[in-house]
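Structure, as structure tokens:
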Amino acid sequence: MSYRVLLVDDEPLARERLKRLLDEHSNFDWVAEAGDGQAALSWLQQHHCDLVLLDIQMPGKTGLEVARDIQALEQPPLVVFCTAYDEHALQAFRVNAIDYLMKPIAKDDLSRALQRASEWLDQNPQPLAATAGARTHISARTHNGMQLIPLAEVLYFLADQKYVNVCHISGETLIDDSLKQLEDEFGDKFLRVHRSALVSRARIDRLEAQEKGGHLLYLKGLTDGIAVSRRHLPAVRKAMKAL
């Protein structure tokens, strides 16, 4: 199956580079290009595509504004941002972008983003606009720059003094969000099991009582259990019955 791609960037050279990179991916075809946000939206109102590679800093409408308008379409395409600035990452994922690539775009980074898009499209997901304003990724500033962690890949959050440690399928990362902020924002996806821990509801496997007292909650993909406090045990049992 081949997917249709719209390229949106006010720099012609940037669009040409994206075309060359896309030519190496037989399942993605660039079908149109636009030099500004309004032109992109006008094209999308008359044509269909599966993916938009979208610059953020453009004359007129910014890429973030264009992405918000895209989500209002009847069948919104997926969006991957391509930008020279990393300060927009958090906003980008609040408009349901599936990836955020830094210019100059590396071949491997684009390949990763296209693979993620392909997986989403192959599964025929519901439009990403279903939850307006909801983050799909957790962002963290590391010594390697901005790291973006898909929420679906998070196993649990663990409070570590003034930081929170995110355990995800690719490793562990410290973030600035507080556990309370995360619980308020993602309470439908993560369950408080201890004053210091939130776990992915989708990853819950089993609850085991310990010989010396207490309980451990085991998650799919993890060997070690996570301690469940007595205070939160009833809520954990209730959540597991609903799974």
ask   = Hey, Met1 hits all of (1) open to solvent by 60 Å² or more (accessible area, probe 1.4 Å); (2) modelled with pLDDT under 95; (3) farther than 20 Å from Glu119 by Cα but one; which does it fall short on?
value = (3)
inquiry  = Take the conditions under 19 Å from Pro104 (Cα atoms), free of Cβ contacts under 8 Å to residues at least 12 places away in the same chain and not aromatic (Phe, Trp, Tyr) and apply them to Glu11. Does it pass?
reply    = no
remark   = Scanning segment 202-217 for residues that are under 28 Å from the mean Cα position of the chain (by Cα) and surrounded by 17 or more Cβ atoms within 10 Å (Cβ to Cβ) gives Arg203, Ile204, Leu217
note = Among Val154, Val164, the single one that is modelled with pLDDT of 90 or more, touching a Phe, Trp or Tyr at 6+ places or on another chain (Cβ under 6 Å), within 20 Å of Leu222 (Cβ to Cβ) and open to solvent by less than 50 Å² (accessible area, probe 1.4 Å) is Val164
task = Only one of these is touching a Ser or Thr at 6+ places or on another chain (Cβ under 9 Å) and of a type in the set (Gly, Ala, Ser): Gly214, Gly225, Gly187. Name it.
result = Gly214
key: Only listed residue being without any contact (Cβ under 8 Å) to a residue 40 or more places away in the chain, within 29 Å of Arg141 (Cα to Cα) and either of a type in the set (Gly, Ala, Ser) or out of contact with any strand residue (DSSP E or B) (no Cβ under 9 Å at 6 or more places or on another chain) (or both), chosen from Ser200, Ser178   = Ser178
Residue that is modelled with the lowest pLDDT, among those in segment 177-201 that are open to solvent by less than 60 Å² (accessible area, probe 1.4 Å) and of a type in the set (S, T, N, Q) = Ser178
key: Any pair with Cβ under 9 angstrom, 6 or more apart, that starts in segment 69-86 at a residue that is closer than 21 Å to Leu18 by Cβ and in contact (Cβ under 8 Å) with a residue 60 or more places away in the chain and ends at one that is buried (at least 18 other Cβ atoms within 10 Å of the Cβ) and of a type in the set (Val, Ile, Thr)   = Pro77/Val5; Pro77/Val52; Pro77/Ile70; Cys82/Val8; Cys82/Ile56; Cys82/Ile105
inquiry  = Restricting to segment 96-133, give me the number of residues that are more than 16 Å from Asp50 (Cα to Cα), at pLDDT 80 or above and not small (Gly, Ala, Ser).
reply    = 10
task = Go through Ala117, Ala14, Ala113, Ala40 for me and flag whichever is in a helix (DSSP H, G or I), open to solvent by less than 10 Å² (accessible area, probe 1.4 Å) and over 19 Å from Arg135 (Cα atoms).
result = Ala40
message = Could you go through segment 87-95 and let me know if any residue there is open to solvent by less than 40 Å² (accessible area, probe 1.4 Å), out of contact with any Gly (no Cβ under 9 Å at 6 or more places or on another chain), in contact (Cβ under 8 Å) with a residue 12 or more places away in the chain and not β-branched (Val, Ile, Thr).
response = yes
remark   = Given the conditions (1) in contact with an Asp or Glu (Cβ under 9 Å, 6 or more places away or on another chain); (2) surrounded by fewer than 19 Cβ atoms within 10 Å (Cβ to Cβ); (3) not acidic (Asp, Glu), every one holds for Gln45 apart from (1)
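The values are calculated or read from the model by the stated rules, or taken from the named source; none is laboratory data. Quantities reported herein were computed from a predicted structural model and do not represent experimental measurements. Reconstructed Cβ throughout: ideal geometry from the backbone, glycine too, with neighbour counts over all protein chains shown. Side chains included, ligands, DNA and RNA excluded: accessible areas come from the protein's heavy atoms. Shrake-Rupley method; radii C 1.70, N 1.55, O 1.52, S 1.80 Å.
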